[in-house]
1. Pairs under 6 Å by beta carbon, first residue in the same structural domain as residue 246 (by TED's automatic domain parsing) and without any contact (Cβ under 8 Å) to a residue 24 or more places away in the chain in segment 312-339, partner of a type in the set (A, V, I, L, M, F, W, C) and part of a loop (DSSP other than H, G, I, E, B), six or more apart or different chains?
2. Kindly establish whether residue 192 is surrounded by 17 or more Cβ atoms within 10 Å (Cβ to Cβ) and in a strand (DSSP E or B).
3. Go through 216, 183, 243 for me and flag whichever is in contact with a Lys or Arg (Cβ under 7 Å, 6 or more places away or on another chain) and part of a helix (DSSP H, G or I).
4. Might you check whether a residue that is surrounded by fewer than 20 Cβ atoms within 10 Å (Cβ to Cβ), closer than 27 Å to residue 249 by Cβ and among the polar types (S, T, N, Q) occurs anywhere in segment 122-143?
5. Scan segment 120-149 residue by residue and report those that are out of contact with any Asp or Glu (no Cβ under 7 Å at 6 or more places or on another chain) and either assigned to a loop (DSSP other than H, G, I, E, B) or aromatic (Phe, Trp, Tyr) (or both).
6. Quick check: is even one residue across segment 83-94 at negative phi, surrounded by fewer than 16 Cβ atoms within 10 Å (Cβ to Cβ), among the hydrophobic types (A, V, I, L, M, F, W, C) and free of Cβ contacts under 8 Å to residues at least 40 places away in the same chain?
7. Has segment 252-268 got any residue that is under 17 Å from the mean Cα position of the chain (by Cα), in a loop (DSSP other than H, G, I, E, B), within 24 Å of residue 391 (Cβ to Cβ) and modelled with pLDDT of 95 or more?
8. Just to be sure, is residue 195 among the β-branched types (Val, Ile, Thr), over 23 Å from residue 40 (Cβ atoms) and touching a residue at least 40 places away in the same chain (Cβ under 8 Å)?
Amino acid sequence: MKKIVIIVAAIILLFSLESGAQPQPPLPQYKIEIDIVSRSLYFYENNNVVKKYPIAVGKASTQTPIGDYKIINKVVNPYYSKKKIAGGSPQNPLGSRWMGFKPSYGIHGNNNTKSIGTFVSEGCVRMYDKDVKELYEKITVGVPVTVKYEPIKTERDIENDNPIVIVYPDYYSKVPNLVNLVDEKLSELSLIEKIDSNKLATLKKQINKEIVVFSDKWVYMINGNYITNDVIFKDSTLYINLDKVCKFLKIDVYSTESTETVMILSNNISIIEESGSRYVSINQLEANLGGSHKIHQEQQTIKLDLNYLLFNNKFVKGEVLNIEGDVAISLDSLYSISNKELTISQEKSNVIVNNKEIKCKPVNGKLYIALKDLLLQTNFKSNTYTKDKYIEIFREPL
């Protein structure tokens, strides 16, 4: 009998090989990482971060629990038992989705968008409601959740080089020797001897008062992302390495007949060259990209805050409103897209896209259209990145 079983198993194996049966690809492995100090949630697929989300976390008196957990339950339109508020109610502080990771603690939406990015909850993790819906659809019960509390972070530029140290306030008072640990990290990265001693002393005094950036040079950031420390100061003006900014924002740079200008986004802009690199002033960047810069003289940081749009993985000039909710894009963005992909015309305060009318909304003297309306009238798809403040519109490959 045993010989018969072995023979049958061998025949089945041989048949499956000859029939060309292919093994199924492994299912993607997901995990969630919650970083309390930066109020960020990272969604991983196969150990790669595929999305970052802004969050709100617990107050110092009602802290979000640190440790390793798993998603233990999922609920659509959760009931808020503390105040007996029905699921789906606009007054429900849990929003439209709940993903529990520990008894009484969960990741959920909320009815107060202004709370995102703060320490405000009773220990739960709040997300924009559109973000929590997106995350809810991607994960299942059992997905690992890691909650971290690490005020000292090392960041590298767009070339994965030139490390800096960013120190967040110890809001939960868990790191009494924070200044000493900063010194250790700076020494480990060989930065402590490079930073001017007066600057270093000033920066240390700012620890626990605000987010502090430790670097031996000026640092340029876009929406919190460290882009480069290749910054020069000339004629009372700050200039940034143009090619590194354009690499991050996915903007093509074209040479012109003059060595003093280049073309980006169909405009000639003035540059200066030093040691084979091209630099552009922050004023030129604002004029061509939009957004606004904030300069911290003591920390020597330049931070650009910018809502922007990518179309087919290329930067589109224009304005984007309400990243965290119902997104709207300006008509100049729409016209930039239409150069290649759409047939549009304007009629009074509305636009005609592919022979279909879309209503426009005036905001501060400019006209905008709802992204959802554009998607309805075209075969485009979109992705929203609320943490990095940009919208991605694309045509799916055939």
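The values are calculated or read from the model by the stated rules, or taken from the named source; none is laboratory data. If you're wondering where the values come from, they're calculated on a predicted model, not measured in any experiment. Please note: Cβ atoms are built from the backbone with ideal geometry, for glycine as well, and neighbour counts cover all protein chains shown.
1. Qualifying pairs under 6 Å: none.
2. So residue 192 does not fit the description; no.
3. 243
4. Scanning segment 122-143, I find no residue that is surrounded by fewer than 20 Cβ atoms within 10 Å (Cβ to Cβ), closer than 27 Å to residue 249 by Cβ and among the polar types (S, T, N, Q), so the answer is no.
5. Across segment 120-149, the qualifying residues are 122, 123, 124, 136, 139, 140, 141, 142, 143, 149.
6. yes
7. Filtering segment 252-268 down to residues under 17 Å from the mean Cα position of the chain (by Cα) leaves none.
Within segment 252-268, not a single residue is under 17 Å from the mean Cα position of the chain (by Cα), in a loop (DSSP other than H, G, I, E, B), within 24 Å of residue 391 (Cβ to Cβ) and modelled with pLDDT of 95 or more.
8. no
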